[in-house]
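J.: Quick one: structure below, then a few questions.
The values are calculated or read from the model by the stated rules, or taken from the named source; none is laboratory data. What you are looking at is a predicted structure, and each value in this text was computed from that prediction instead of being measured. Here the Cβ is made from the backbone with ideal geometry for all residues, glycine too, and neighbour counts use every protein chain on show. Please note that ligands, DNA and RNA were not included when accessible areas were found on the heavy atoms of the full protein model with its side chains. Shrake-Rupley method; radii C 1.70, N 1.55, O 1.52, S 1.80 Å.
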Amino acid sequence: MVVWIDPRRVYLVKLEKGKKLDTDRGSLSFDSVIGKEYGDYVEISKGKAFLMYPSLDYIYDGLHRPSQVLYPKDIGYMIFKSGIKPGDTVVEAGTGSGFLTISLSHFLGASGKVITYDIREDMQERAKKNLELVGLVDRVVFKLGDVREKIEETGVDAIFLDMPDPWLAAENVYKALKPSGTVVVFVPTVSQIEKTFLYLRKNGFVDVEAVELILREYQVKENATRPRSIGVTHTGFIITGRKSIKGSSEIGE
Ligand SMILES: C[S@@+](CC[C@H](N)C(=O)[O-])C[C@H]1O[C@@H](n2cnc3c(N)ncnc32)[C@H](O)[C@@H]1O
């Protein structure tokens, strides 16, 4: 549950009997919250707290992140462009902190499956804990492995790559995807875009695109509304492409 007191005091909590949340605006005993509904207000010593349903953005704020993670603005577009739907099967690498894994498994639903690869066991252990915390671990298969060497699955609906050298995995991605399946790549630097984009374009992928999404949050005050001057200024670039027939990827160039 999210306990919202004001924009600077927002807390993701797990309700447990006998426990409480301490803030500089007062304590909130969880016993007093049990039985309340999302959308209710509860009294604290210096005001009120609003009880909110924990949407993924608040859940992300409360999770451990041992790796760089994907941000909601990029994840939303990546899922949209991938063409996936509830019930589909997707492959992902690398798992990292599991933030993309959480969004994918949430979106694919109980009948969907995410197979997530990482070369680092410690990353997968941490990600597994994050998935357990949000109750989605059953929708995910964790595989310790290097996708540059092998992707075991075939006929998958989409593949998501967030790793340093995705072009080196592109041949395995091609073999694992179903015909016209989507590859979605996230990279933080411009030199990675060029290598990935050109490799995909020359090796059996069509409809290859590279984009950057810029999100600007606004501070809103009467007669002083403007973009915030601090925040996340750069995340990365997204490259998407569809599996075609090898040798015909020059179509439309
Ligand atoms: C930036 S993190 C991924 C973050 C993740 N998308 C998230 O939102 O939490 C990159 C991960 O890719 C893994 N990785 C790097 N090269 C890999 C490879 N060839 N195969 C599988 N995983 C790889 C790293 O160990 C690291 O955990």
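J.: Restricting the search to region 134-191, which residues are open to solvent by less than 40 Å² (accessible area, probe 1.4 Å) and near the ligand (Cβ under 9 Å from one of its atoms)?
T.: Matches in region 134-191: Gly145, Asp146, Val147, Phe160, Leu161, Met163, Asp165, Pro166, Ala169, Phe186.
J.: Here's a follow-up. Go through region 1-22 and count every residue that is surrounded by 13 or more Cβ atoms within 10 Å (Cβ to Cβ) and out of contact with any Lys or Arg (no Cβ under 6 Å at 6 or more places or on another chain).
T.: Summing the residues that are surrounded by 13 or more Cβ atoms within 10 Å (Cβ to Cβ) and out of contact with any Lys or Arg (no Cβ under 6 Å at 6 or more places or on another chain) in region 1-22 gives 12.
J.: Has region 202-210 got at least one residue that is in the same structural domain as Arg120 (by TED's automatic domain parsing) and in a helix (DSSP H, G or I)?
T.: yes
J.: Search region 73-103 for residues being assigned to a strand (DSSP E or B) and crowded, with 22+ Cβ neighbours inside 10 Å, and hand back the single one that is farthest from the ligand (Cβ to nearest atom).
T.: Per the stated criteria, the residue is Val90.
J.: Does any residue in region 146-158 that is in the same structural domain as Ile115 (by TED's automatic domain parsing) and closer than 8 Å to Ala169 by Cα come within less than 6 Å, Cβ to Cβ, of a residue that is within 8 Å of the ligand (Cβ to nearest atom) and among the small types (Gly, Ala, Ser) six or more places away or on a different chain, and which pairs are these?
T.: Val147/Ala93; Val147/Ala169; Arg148/Ala169
J.: Next up: Somewhere in region 50-61, is a residue touching a residue at least 60 places away in the same chain (Cβ under 8 Å) and either under 26 Å from the mean Cα position of the chain (by Cα) or surrounded by 15 or more Cβ atoms within 10 Å (Cβ to Cβ) (or both)?
T.: Yes, region 50-61 contains a residue that is touching a residue at least 60 places away in the same chain (Cβ under 8 Å) and either under 26 Å from the mean Cα position of the chain (by Cα) or surrounded by 15 or more Cβ atoms within 10 Å (Cβ to Cβ) (or both).
J.: Looking at His106, His64, can you tell me which residue is surrounded by fewer than 16 Cβ atoms within 10 Å (Cβ to Cβ) and more than 9 Å from the ligand (Cβ to nearest atom)?
T.: After ruling out the rest, the residue left standing is His64.
J.: Of the residues that make up region 130-145, is at least one closer than 22 Å to Thr196 by Cβ and in contact with a helix residue (DSSP H, G or I) (Cβ under 6 Å, 6 or more places away or on another chain)?
T.: Within region 130-145, not a single residue is closer than 22 Å to Thr196 by Cβ and in contact with a helix residue (DSSP H, G or I) (Cβ under 6 Å, 6 or more places away or on another chain).
J.: Can you find even one residue in region 1-9 that is more than 28 Å from the chain's Cα centre (by Cα) and closer than 29 Å to Pro72 by Cα?
T.: No, that holds for no residue.
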